[in-house]
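First comes the structure, then the notes that go with it.
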Amino acid sequence: MIPAVRGTHDILPGEIERWQHVERTARSLCDRYGYVEVRTPVIEREELFAKGTGETTDIVQKEMYSFTDKGGERITLRPEATPSMVRAFVEHSLEHALPAAKLYSMGPMFRYERPQKGRYRQFHQLDVEIFGLDDAAVDAEVIDLAWSLVRELGIEQIELLINSVGCADCRPAFQAALLAALGDDLPKLCQDCQRRAATNPLRIYDCKVPADQPIIDRLPHSIDYLDEKCATHFAAVRRHLDTWGIPWTLSHRLVRGLDYYTRTTFEILGRTLGAQNALLGGGRYDGLVKQLGGPDRTGIGFAAGLERLVLALPEGAGAGTTPRAFVAAIGEEARDEALRLLRELRQAGLAASMEFEGRSMKAQMKRADRLGARVTLIVGGDELARGEVTLRDMRGSEQRPVRRTEAVEAARSILGGR
Ligand code: AMP
């Protein structure tokens, strides 16, 4: 046996129903909030992430699956969706093509991380992006969509964290204050933090090393350094959330691991998840579209981990399969007629199965039970001669003859449906 690659996983019957439930709920909400779906390739040019996600990020420095293809081109399996969505937005001039640049996408992402519960090397994200809308109500709407998704899925014990990391104008003052506050403590921090201090000091807030925490807790807060515009914007975001009754907690540490964030950042944590408890995260990235060669348009979005949403779902979510009919044939001569009926049921929009191996009636009924059939249509020589089939309601085990010509409608009346 050749096992699956470490950090990847099969999604099998029994679990797939929970996935489909999450995907259906996400699509329905995105549609209600006015987002349209975009599907971008899984492979992109490596430079897209180096430039988009950022050279100094852990993702680009340590986690990308990159290779040289047979044509000598550097290719990367996408580690996140935002750079691809921005690329598609720019490449196809979507701001002119669509009434509103509100996009969503779902699919696999790839990161070479240490696998553990809730963290994989191939995982799946719902990604939501808005381009070119600046109002604080847009930030609040994106957060509301994220919040509503988690709530509609019935996930309990969640917490919304928000912060503002300012913009290109006010961030330098914050960074300077941060480095000044670190002062003599810098050499006491971990190697990663020392590297971050030189490349992207905000990233120090992401540090999880226990010994560093007392020092990091004393560092200044980005919201104390916002310029007037950023402060007004952030106040408006909080006001909208309050108006909609969405509870939030201000988290000074929430700077997020990527280079492109500006102003609002947010995360929703699932308290039942253990160490990898971020269900989703996102924020504003006002310079990214331009940086990737597009027009000067703002951006905001989030990515939710589907594995984590599925893990956090309540017991029994997504259960319940389509009610199904079973066709049983008695004897060889009834088989062709049974096959005809099976296809008629399926063509009429009903879920239907049959046992093809010509086994005994008892074996066929057992199969019907295992499939969870709601109704069985028994086709036998005697019934056929009378132009009838026998209809058996599997719940009450009641049997009655129905006209062959009315068999499909009789099945439908038990199964429901159009
Ligand atoms: P990020 O793109 O890092 O902001 O992550 C957004 C969301 O994707 C996280 O909140 C997780 O739910 C999910 N996620 C990120 N990395 C992984 C991973 N390696 N395995 C599973 N889910 C992940």
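The values are calculated or read from the model by the stated rules, or taken from the named source; none is laboratory data. Here the structure is a predicted model, which is why all the values come from computation and not from measurement. Note that we place each Cβ from the backbone using ideal geometry, even for glycine, and neighbour counts take in every protein chain shown.
Of all the residues in region 187-200, those that are modelled with pLDDT of 90 or more and in contact with a Cys (Cβ under 9 Å, 6 or more places away or on another chain) number 3.
Is it the case, given these coordinates, that Cys207 is more than 30 Å from Arg27 (Cα to Cα), in contact with a helix residue (DSSP H, G or I) (Cβ under 8 Å, 6 or more places away or on another chain) and at pLDDT below 90?
yes
Of all residues in region 128-164, those satisfying the criterion of being of a type in the set (D, E, K, R) and more than 16 Å from Arg271 (Cα to Cα) are Glu129, Asp134, Asp135, Asp139, Glu141, Asp144, Glu152.
Table: residues versus (1) farther than 19 Å from Ala146 by Cα; (2) in contact with a Leu (Cβ under 9 Å, 6 or more places away or on another chain); (3) modelled with pLDDT under 95.
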residue: Tyr260; (1), (2), (3): yes, yes, yes
residue: Gly318; (1), (2), (3): yes, no, yes
residue: Thr322; (1), (2), (3): yes, yes, yes
residue: Leu341; (1), (2), (3): yes, yes, no
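Arg18 - would you say it is surrounded by 15 or more Cβ atoms within 10 Å (Cβ to Cβ), part of a helix (DSSP H, G or I) and among the basic types (Lys, Arg)? Yes.
Filtering region 330-358 to residues that are loosely packed, with under 13 Cβ neighbours inside 10 Å and part of a loop (DSSP other than H, G, I, E, B) leaves Gly349, Phe356, Glu357, Gly358. Could you grab me the full set of residues in region 268-308 that are out of contact with any Phe, Trp or Tyr (no Cβ under 9 Å at 6 or more places or on another chain), outside any loop (DSSP other than H, G, I, E, B) and within 13 Å of the ligand (Cβ to nearest atom)? Once the filter is applied, which keeps residues that are out of contact with any Phe, Trp or Tyr (no Cβ under 9 Å at 6 or more places or on another chain), outside any loop (DSSP other than H, G, I, E, B) and within 13 Å of the ligand (Cβ to nearest atom), region 268-308 yields Leu269, Gly270, Ala278, Leu279, Ala303, Ala304.
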